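Each remark here refers to the structure printed beneath this line.
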Amino acid sequence: MRRDVFQAIADPVRRDIIGLLASDTMTINKVAEEFNISRPAISKHLKILEECNLIIISQQGRERYCQIQPHNLVPAFLWLDQYKKLWEDKIDSFENYLTELQTKNKDNE
């Protein structure tokens with residue numbers, strides 16, 4: 001099965017794993033300790049992240065370490081960024097509407 005970055009970040013557990021690894025390289029056991037799900041489930045999530053090239057898992061002695069590859073998140077960032085202006089415009093429009101309503105309510109008091 002061919003996977004991509006969007007499949008990887010679609011799952012909230014995988015997004016949380018990415019968040020953990022963004023600050024530090026961690027062993028698989030350390031990653032698993034952060035979640036209330038089974039070790040095999042964490043291993044499956046890590047495998048998907050590795051298949052999507054978002055993490056590298058390397059062996060050092062008896063431990064396996066997970067390290068994020070943040071540059072591979074760029075396609076998702078670029079895709080989301082194209083909608084940033086749209087959402088900012090919608091939020092600005094909503095804020096203006098709320099301000100207008102508040103002004104009308106004050107005028108009616």
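The values are calculated or read from the model by the stated rules, or taken from the named source; none is laboratory data. Computed from a predicted structure; not experimentally measured. We place every Cβ from the backbone using ideal geometry, glycine too, and count neighbours over all the protein chains shown.
Looking at this structure, is F35 free of Cβ contacts under 8 Å to residues at least 60 places away in the same chain and surrounded by 10 or more Cβ atoms within 10 Å (Cβ to Cβ)?
Criteria met by F35.
Quick check on this structure: which one of L21, L98 is in contact with a helix residue (DSSP H, G or I) (Cβ under 9 Å, 6 or more places away or on another chain) and assigned to a helix (DSSP H, G or I)?
L21
In this structure, does H45 turn out to be of a type outside the set (K, R), at pLDDT 95 or above and out of contact with any strand residue (DSSP E or B) (no Cβ under 9 Å at 6 or more places or on another chain)? Full working, then the answer.
Numbers: of a type outside the set (K, R): yes; at pLDDT 95 or above: yes; out of contact with any strand residue (DSSP E or B) (no Cβ under 9 Å at 6 or more places or on another chain): yes.
Yes.
So is W79 in contact with a helix residue (DSSP H, G or I) (Cβ under 9 Å, 6 or more places away or on another chain), surrounded by 10 or more Cβ atoms within 10 Å (Cβ to Cβ) and either assigned to a helix (DSSP H, G or I) or hydroxyl-bearing (S, T, Y) (or both) or not? Show your work before the answer.
Numbers: in contact with a helix residue (DSSP H, G or I) (Cβ under 9 Å, 6 or more places away or on another chain): yes; surrounded by 10 or more Cβ atoms within 10 Å (Cβ to Cβ): yes; either assigned to a helix (DSSP H, G or I) or hydroxyl-bearing (S, T, Y) (or both): yes.
For W79, the condition - in contact with a helix residue (DSSP H, G or I) (Cβ under 9 Å, 6 or more places away or on another chain), surrounded by 10 or more Cβ atoms within 10 Å (Cβ to Cβ) and either assigned to a helix (DSSP H, G or I) or hydroxyl-bearing (S, T, Y) (or both) - is met.
Output the residues belonging to the stretch 65-76 that are within 14 Å of the chain's Cα centre (by Cα) and outside any helix (DSSP H, G or I).
Answer for the stretch 65-76, where residues must be within 14 Å of the chain's Cα centre (by Cα) and outside any helix (DSSP H, G or I): I68, Q69.
Per-residue answers, yes or no, for (1) surrounded by 10 or more Cβ atoms within 10 Å (Cβ to Cβ); (2) modelled with pLDDT under 85; (3) touching a strand residue (DSSP E or B) at 6+ places or on another chain (Cβ under 8 Å):
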{"position": "G61", "(1), (2), (3)": "no, no, no"}
{"position": "R64", "(1), (2), (3)": "yes, no, yes"}
{"position": "P70", "(1), (2), (3)": "yes, no, no"}
{"position": "V74", "(1), (2), (3)": "yes, no, no"}
{"position": "Q102", "(1), (2), (3)": "yes, yes, no"}
